[in-house]
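The values are calculated or read from the model by the stated rules, or taken from the named source; none is laboratory data. Fair warning: this is a prediction, and the values are worked out from it, not measured in the lab. Note that each Cβ is placed from the backbone with ideal geometry, even for glycine, and that neighbours are counted across all protein chains shown.
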Amino acid sequence: MTGGELYDRCARDAAAAVIANYSTSFALATRLLGPRVRPQVREIYALVRVADEIVDGAAEAAGLDRDQQRVLLDSLEIETLAAIDRGFSVDLIVHAFATTARACGIGEDLIRPFFASMRTDLDLAAHDAASHESYVYGSAEVVGLMCLQVFVNAGHPAPRIPDARLVEGARRLGAAFQDINFLRDQADDSERLGRDYLGIGGATDRATVLERIDRDLDAAAAVIPDLPRDCRRAVTTAHGLFRELAVRLRNSDENVRVSVPRTVKARIAAQAIAGRAPRRSTP
């Protein structure tokens, strides 16, 4: 193994450790991906997680103010784009992501909107319909599109443009995931962070958001069977986990942070492994 190969492996391992420690649901779904795409999806998640920690978690816990957080976020964006261009970064997480981005055609058109949405968390506390749409595109839909680039292009000699139906499905699934997380974290976002992503009580209400989530999940479910075979079980599992969260949100008090029990997670994963189609909101 050459020095470059060893460094690449260490970077992949670092990305895998991030997802394993931060998200049991996505870690479960990612384990169901085929080996062709599994490391790359972990690398996308790891970079996204680090950026989120700058604006929401670890940086603030370390005592950094918003100006310092902004400097770090800007630096991470600059280093990510530079690493894609040069093929190397001293930051293992950035290096892993950049390697995947170069191989699978993840470019500035997806990376810059992501960082723009992360930067919004430092500047905007309450969202209206327009800013919500823009934020969700950058924070979640483009992440789905990054994963789609991996699904379509990993292992191929040159990146290809995904089918338009798959692009729409990836965006709708990302949007549903984000709105579900907004609903789950609504109390914490308001009380701890002083943020309102959904405008519930103003121009919209909880039922309207849940209906939008159902439509987005159904739109995504329609195209999951068209994904490459080694991606379907994992995406079906992730879809099923968030469908279950949506059901529990509909049946819970808005101040309760719902979760999916391990036994239910296992059942959803087993159904996906057995080839069951993604669950729709209506029969």
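Being among the acidic types (Asp, Glu), closer than 26 Å to GLY34 by Cα and not in a helix (DSSP H, G or I) is the filter here, so list the residues in segment 144-193 that pass it.
Listed by number, the list holds a single entry, ASP163.
Within the bounds of segment 20-28, is there any residue that is modelled with pLDDT of 95 or more, more than 19 Å from LEU76 (Cα to Cα), in contact with a helix residue (DSSP H, G or I) (Cβ under 9 Å, 6 or more places away or on another chain) and in a helix (DSSP H, G or I)?
no
Results for (1) in contact with a strand residue (DSSP E or B) (Cβ under 6 Å, 6 or more places away or on another chain); (2) among the hydroxyl-bearing types (Ser, Thr, Tyr); (3) buried (at least 19 other Cβ atoms within 10 Å of the Cβ); (4) over 14 Å from GLY174 (Cα atoms), shown as yes or no for each residue.
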| residue | (1), (2), (3), (4) |
| --- | --- |
| GLY107 | no, no, no, yes |
| ILE111 | no, no, yes, yes |
| MET118 | no, no, yes, yes |
| ASP128 | no, no, no, yes |
| VAL136 | no, no, yes, no |
| LEU145 | no, no, yes, no |
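Suppose we filter segment 258-273 for residues that are touching a helix residue (DSSP H, G or I) at 6+ places or on another chain (Cβ under 9 Å) and either in a loop (DSSP other than H, G, I, E, B) or touching a residue at least 12 places away in the same chain (Cβ under 8 Å) (or both); how many remain?
Qualifying residue count for the region: 10.
If you go through segment 77-100 one residue at a time, do you hit one that is among the polar types (S, T, N, Q), buried (at least 16 other Cβ atoms within 10 Å of the Cβ), farther than 30 Å from GLY194 by Cβ and touching a residue at least 24 places away in the same chain (Cβ under 8 Å)?
Yes, segment 77-100 contains a residue that is among the polar types (S, T, N, Q), buried (at least 16 other Cβ atoms within 10 Å of the Cβ), farther than 30 Å from GLY194 by Cβ and touching a residue at least 24 places away in the same chain (Cβ under 8 Å).
So which of ALA234, ALA170, ALA176, ALA220 is buried (at least 23 other Cβ atoms within 10 Å of the Cβ) and in contact with a His (Cβ under 8 Å, 6 or more places away or on another chain)?
Going through ALA234, ALA170, ALA176, ALA220 in turn, the sole match is ALA220.
I need the helices (runs of 4 or more DSSP H) fully contained in segment 90-140, keeping only those with at least 1 residues that are in contact with a Phe, Trp or Tyr (Cβ under 6 Å, 6 or more places away or on another chain) and on the phi < 0 side of the Ramachandran plot.
Of the helices (runs of 4 or more DSSP H) lying wholly inside segment 90-140, those with at least 1 residues that are in contact with a Phe, Trp or Tyr (Cβ under 6 Å, 6 or more places away or on another chain) and on the phi < 0 side of the Ramachandran plot span 108-123.
Does segment 249-257 contain at least one residue that is touching a residue at least 12 places away in the same chain (Cβ under 8 Å), assigned to a helix (DSSP H, G or I) and within 20 Å of LEU183 (Cα to Cα)?
Checked against the condition, which is being touching a residue at least 12 places away in the same chain (Cβ under 8 Å), assigned to a helix (DSSP H, G or I) and within 20 Å of LEU183 (Cα to Cα), segment 249-257 yields at least one hit.
Pull up segment 142-199, narrow it to residues that are in contact with a helix residue (DSSP H, G or I) (Cβ under 8 Å, 6 or more places away or on another chain) and of a type in the set (S, T, N, Q), then point me to the one that is farthest from ARG66 (Cα to Cα).
Across segment 142-199, the extreme among qualifying residues is ASN153.
Is one or more of the residues making up segment 67-82 in a helix (DSSP H, G or I), at pLDDT below 95, charged (D, E, K, R) and on the phi < 0 side of the Ramachandran plot?
No, every residue in segment 67-82 fails to be in a helix (DSSP H, G or I), at pLDDT below 95, charged (D, E, K, R) and on the phi < 0 side of the Ramachandran plot.
Under the condition of being buried (at least 16 other Cβ atoms within 10 Å of the Cβ) and out of contact with any Asp or Glu (no Cβ under 7 Å at 6 or more places or on another chain), which residue from segment 204-217 is farthest from PRO39 (Cα to Cα)?
The extreme case among them is LEU210.
Under 7 Å between Cβ atoms, which residue pairs at least 6 apart in sequence (or on different chains) link something in segment 179-206 that is under 19 Å from LEU217 (Cα atoms) with a partner that is of a type in the set (Asp, Glu)?
Close Cβ pairs satisfying both conditions: ARG206/GLU254.
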